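Student: Take a look at the following structure, please.
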Amino acid sequence: MPRALYSQIDATAQAMGLSVYGAFYPQQGPVNGGTLILLGTDAGFWVPFAQSREWQEGAPDPVDRWSRRVVDGLAAHFDAAAYYPFDGPPYAPFVDWALASGRAFTSPSQFLVHDQVGLMISYRGALHLAYKIDIPQPPLDCSPCLSCTTFACIKTCPAQAMVDGGPYQVAACHKHLETNEGRACLDLGCQARLACPISQGAHRDPAQSAHHMRYFHAS
């Protein structure tokens, strides 16, 4: 088939509720050469997902199963290999890939922050093309956190689980979610992540955030 274009991959992914979170030319690790395309949920994800068989079946890990089906389909369409952050061990180094793309950065809390979706970042898979394609220049030259003066993510966290420089206080977060005050995070999404100004670019459906929070708190 003809070689794919970045715009074609992004448009096709968006039609399914995903978008390209970044891309780069891998030179080391489990994937070498060609082009690696990172895919994550976009604003149009939740509606088609909620109508999918993976969600309606009520079986475990519906988002992962949906992601595998959709990204496998994209891989077949573009003659690419598919990788997943949940497939392992060994697990594909999605954090390293995100940083290598120039589209994601390490926030003060040590969570990844993306140039378009902020802290509401959700990688669902990656496509590896055996050849190089033209990749748009990342929109930011450096982390948006460097110019942030509010540190809203850390200051907003009601559990004080986000600490400048990390590590993330997991136990404190779970303890907060057990309280009445923790309902806001459970029902609407992590208040600290939502406080990041760039997170508004995700246009995240609260139902999606609630699902992820309940999945996290059940673990």
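Nothing in this text is a laboratory measurement; each read-out follows from the coordinates by a stated rule. Bear in mind that the values here come from a model prediction, so they are computed numbers and not experimental data. Methodologically, a virtual Cβ is constructed for each residue, glycine included, from the backbone with ideal geometry; neighbour enumeration extends over all protein chains shown.
Student: What net charge do the residues around Gln137 carry, taking every other residue with its C-beta under 14 Å from that of Gln137, with Lys and Arg at +1 and Asp and Glu at -1? Present the calculation step by step, with values, prior to reporting the outcome.
Tutor: Values: positive: Arg103; negative: Asp115, Asp134, Asp141.
Result for the local shell: -2.
Student: For every other residue with a beta carbon closer than 14 angstrom to the beta carbon of Ala172, add +1 if it is Lys or Arg and -1 if Asp or Glu, then tell me the sum.
Tutor: Numbers: positive: Lys175; negative: Glu178, Glu181.
Overall, the nearby charge balance is -1.
Student: Around Leu194, under 14 Å between beta carbons, what's the net of Lys plus Arg minus Asp minus Glu among the other residues? All intermediate terms of the calculation are to be shown ahead of the outcome.
Tutor: Numbers: positive: Lys155, Arg193, Arg204; negative: Asp187, Asp205.
Result for the neighbourhood of Leu194: +1.
Student: Picking from Ile37, Ile135, Ile198, which is most flexible by a Gaussian network model of the chain using Cα springs under 10 Å?
Tutor: With Cα springs under 10 Å in the chain, the top fluctuation among Ile37, Ile135, Ile198 is at Ile135.
Student: Using amide H atoms built in the peptide plane, which far-off residues or other-chain residues are under 5 Å from Arg124 H to H?
Tutor: Distant-sequence amide H within range of Arg124: Leu39, Gly40, Thr41.
Student: With θ set to phi - 60° and the Karplus curve 6.51 cos²θ - 1.76 cosθ + 1.60, what are the ³J(HN,Hα) couplings of the range 67-80 in order, to the nearest whole Hz, using x for Gly and Pro?
Tutor: Result, ordered by residue: 4, 5, 5, 6, 5, 4, x, 5, 4, 5, 5, 9, 6, 10 Hz.
Student: To check you understand DSSP bridge types, tell me what percent of the beta bridges within the chain (both residues inside) are antiparallel, rounded to 5. Working shown, then result.
Tutor: On the way: 19 of 19 bridges.
Counting only bridges with both partners in the chain, antiparallel ones make up about 100 percent.
Student: Please state the relative contact order of the chain as a whole percent: Cα pairs under 8 Å, 6+ residues apart?
Tutor: 21
Student: Picking from Lys175, Lys155, Lys132, which is most flexible by a Gaussian network model of the chain using Cα springs under 10 Å?
Tutor: Lys175
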